[in-house]
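To keep things clear, I will list the structure first and then write my remarks on it.
The values are calculated or read from the model by the stated rules, or taken from the named source; none is laboratory data. Note that the structure is predicted; figures quoted are calculated from it, not measured. Here the Cβ positions follow ideal geometry from the backbone for every residue, glycine too, while neighbour counts run over all protein chains shown. Note: accessible area is taken over every heavy atom of the protein model, side chains too, but ligands, DNA and RNA are not part of it. Shrake-Rupley method; radii C 1.70, N 1.55, O 1.52, S 1.80 Å.
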Amino acid sequence: MARISLVHRRTAFVRAMEWYSRRKYGEVLDPGKVALHHKGVLTTMLVMEGSAARWKRLDPTLKALATMVVSAEIGCSWCMDFGFWEFHHRNVDPVKLRAVPQWRDSDVYTDLERAVMGYAAAATATPPTVTDQQVERLRQDLSEAELVELTAQISLENYRSRTNAALGLTSQGFKETCELRPA
């Protein structure tokens with residue numbers, strides 16, 4: 001249960017934000033409802049997310065797996081739910097997405113995917129436990145630009161997941177709608 005109200009006075013700004021969210025995602029996202037309490041935070045979130053959406057150097061599957069590992073490590077059910085939906089719609093293999101909570105024991109990942117996921121987990125630990133060996137392993141397959149993007153994506157998901165988990169946001173049911181076929 002959310003620890004902050006998701007209900008707002010029906011101003012023109014609130015209605016516009018709800019319209020945009022419904023148009024883009026099919027419903028109003030709870031993190032957006034939370035951010036509506038502080039326009040400066042909302043503006044920063046929108047600018048940051050818009051900028052990050054233009055990062056295209058890193059393979060989408062690697063980006064998805066790193067993002068989902070961060071959500072799982074932090075325990076953000078909202079982020080796991082939305083992440084599955086988002087990456088499913090970006091054609092990331094749903095078998096790989098479903099296996100993220102047990103990634104260490106799953107055999108569906110390549111060596112590089114495992115290295116990315118291990119790096120994401122280590123970067124998410126408090127304090128971070130990233131080793132030189134992990135970075136050197138990633139540099140075998142990733143350019144410096146890709147490694148920087150990967151690290152920034154992990155940091156961004158830490159921000160999202162920690163904020164959403166701290167405010168008590170839980171799944172909105174996005175995952176359940178992923179594989180529904182149109183009527």
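Can you tell me which residue among Arg98, Arg114, Arg90, Arg104 is under 15 Å from Leu138 (Cβ atoms) and open to solvent by 10 Å² or more (accessible area, probe 1.4 Å)? Criteria check complete, one pass: Arg114.
Residues in the range 14-25 that are surrounded by 12 or more Cβ atoms within 10 Å (Cβ to Cβ) and over 18 Å from Glu49 (Cβ atoms): Val14 alone. Checked against the criterion of being open to solvent by 50 Å² or more (accessible area, probe 1.4 Å) and either closer than 27 Å to Arg57 by Cα or touching a Cys at 6+ places or on another chain (Cβ under 8 Å) (or both), the candidates Thr177, Thr131, Thr124 yield just one match: Thr131. In the set (1) under 23 Å from Val116 (Cα atoms); (2) surrounded by fewer than 17 Cβ atoms within 10 Å (Cβ to Cβ), Thr61 fails one condition alone, (2). Considering only residues in the range 42-70 that are under 29 Å from Ala16 (Cα atoms) and of a type in the set (S, T, N, Q), the one that is farthest from the chain's Cα centre (by Cα) turns out to be Thr43.
Sub-7 Å Cβ pairs linking a first residue in the range 42-62 that is touching a residue at least 40 places away in the same chain (Cβ under 8 Å) and within 20 Å of Leu97 (Cα to Cα) to a second residue that is outside any helix (DSSP H, G or I) and open to solvent by less than 30 Å² (accessible area, probe 1.4 Å), at least 6 apart or interchain, are Thr61/Val92, ordered by first then second residue. Looking at the structure I just gave you, is Glu157 touching a residue at least 40 places away in the same chain (Cβ under 8 Å), open to solvent by less than 50 Å² (accessible area, probe 1.4 Å) and over 30 Å from Leu36 (Cβ atoms)? Judged against the criteria, Glu157 is not a match.
Within the range 26-56, the set of residues being open to solvent by less than 80 Å² (accessible area, probe 1.4 Å) and of a type in the set (D, E, K, R) comprises Glu27, Asp30, Lys33, Glu49.
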